[in-house]
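The values are calculated or read from the model by the stated rules, or taken from the named source; none is laboratory data. These numbers come from a predicted model, not from an experiment. When we count neighbours, we look across all protein chains shown, and the Cβ atoms used for this are built from the backbone with ideal geometry, even at glycine. Calculation scope for accessible area: heavy atoms of the full protein, side chains included, ligands and nucleic acids excluded. Shrake-Rupley method; radii C 1.70, N 1.55, O 1.52, S 1.80 Å.
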Amino acid sequence: MRSVKLTGQVVALAAVAGLLGLLVWRLTHQSHPPKVGAPAPHFTAKQLDGGTFDLASVRGKPVVMNFWASWCGPCKSEAAALEQKWQKYSSQGVVFLGVDYNDVSGDAKRFLSKHGVTYPTLLDGSGMIGDRYGLTGVPETYFIDRKGRIVGDHILGPITESKWAEAFDRGIKAALDS
Amino acid sequence: MILRAAAVAAAVLAFAGPAAAACGHPRTTLAHLEGQIMCPTCHTTLDQSNAPAAQRIKVFIQERIDQCATAQQIKADLVTNFGAGILAAPPRKGFDLLAWWLPIVGVVAGAVLVAFGVWRWTRVREPEPAVQAPVDPETEQQLDELLAGLD
């Protein structure tokens, strides 16, 4: 009888420890935007036009990473402006990446075609990349320098808004200069 | 008369044709699937969400229904696009089966534990025989002397 009681206590303790472990894991794995100066979270993703992209493959180049979705209104308003920036800075070696977040890929293709976006687009249907970057919504934009670190402001809106337009230019400069 | 009948038949076919002719199986419905698919941005099922992403997925589902896709095909398309997290309930196969069985196992184990506890708590216990503590010889001698003094 004593051994049954002891076994019950051990099982109960194990269950409580397991629940506590889950709580700690959840608290420590909540997504937060990466801090400026921190390494950009690594990821691989499918490209909309086929193939797989690895963030490590653009190490040594400044990167502009824009999260968007076809169902997002502000993303439509900034699409043309982003394409213009891409045309302007691509000659300086800046890599533009569009990350299509929680979207239907067919819709994404139509969106890019309609808005004339020509830089590469990565698929993030599950939202995994967005989680790693602590995304709060779309559109949002990050800048990564040649050493693979986050630089500049985390842009939380369309770059057509004046305050984000200025932040965008500062971000590109930071990515190019470092 | 014949011309009129032919015109009516053509009109009926024109309206009924696209919806009914193409499908060789019963069509699923958006209402049926809405409760089984999650909105990826708001983490509720589609029937509880009006978020733009949810609206767009509803349109996608309706388009696939119109193309005669089955519920399973539509779910498979959504999993390919959004990952398994788009499904409100995990598939009943492989590792995901654990999600179905573990709660049942937990409930059964809990019931067994409660039943065992109740059984132990309510069973009639036999009175334990009183155990007399041994008296050391010195104390016994003192007691004998005390009793002798009383006599």
Amide N of segment B:62-94 lying under 15 Å from the label point, which is placed 7 angstrom from the Cα of B:Cys23 along Cα→Cβ: B:62-75
Sites A:Gln92 and B:Trp100 - FRET efficiency at Förster radius 41 Å, r taken between beta-carbons, to 0.05: 0.15
Size of the B/A contact, given as accessible area buried on both chains, probe 1.4 Å, in Å²: 1100
Per-selection Rg to Rh, segment A:34-89 - Cα, Kirkwood hydrodynamic radius: 0.99
Three principal axis lengths of the protein assembly as shown [C-alpha, angstrom, descending]: 130, 81, 33
Using alpha-carbon coordinates, inclination of helix B:97-122 to the longest axis of chain B, degrees: 30
DSSP H segments from chain A that extend 27 Å or more along their own axis, Cα-based, with Kyte-Doolittle mean of 0.0 or above: A:2-28
Calculated log₁₀ intensity ratio I(q)/I(0) where the Debye formula runs over C-alpha points of segment A:1-69, q = 0.14 Å⁻¹: -0.69
Chain-alone versus full-assembly comparison, segment A:88-110, residues with accessible loss of at least 30 Å² (1.4 Å probe): A:Asn102, A:Val104, A:Asp107
Chain B: angle of helix B:52-66 to the longest principal axis, Cα-based, in degrees nearest 10: 60
Test item: Cα-centred dipole of chain A, Lys/Arg +1 and Asp/Glu -1 on Cβ, debye: 580
Cα-Cα P(r), segment A:3-120, percent of pairs per 5 Å interval: 2, 8, 15, 15, 14, 11, 7, 5, 5, 5, 4, 4, 3, 1, 1, 0
Per residue, in Å², the accessible surface of segment A:60-178 once ligands and nucleic acids are set aside, probe 1.4 Å: 39
Ranking by accessible area, most exposed first, for B:Phe60, A:Phe96 with a 1.4 Å probe: B:Phe60, A:Phe96
Share of carbon and sulfur in the accessible heavy-atom surface of chain A [1.4 Å probe, %]: 59
28 Å Cα-Cα reach of A:Lys5 towards lysines, excluding residues that sit fewer than 8 places from it in its own chain: none
Cross-link pairs beyond the 29 Å C-alpha cut-off, checked among A:Lys88/A:Lys109; A:Lys46/A:Lys163; A:Lys35/B:Lys93; A:Lys85/A:Lys109; A:Lys35/A:Lys163; A:Lys85/A:Lys147: A:Lys46/A:Lys163; A:Lys35/B:Lys93
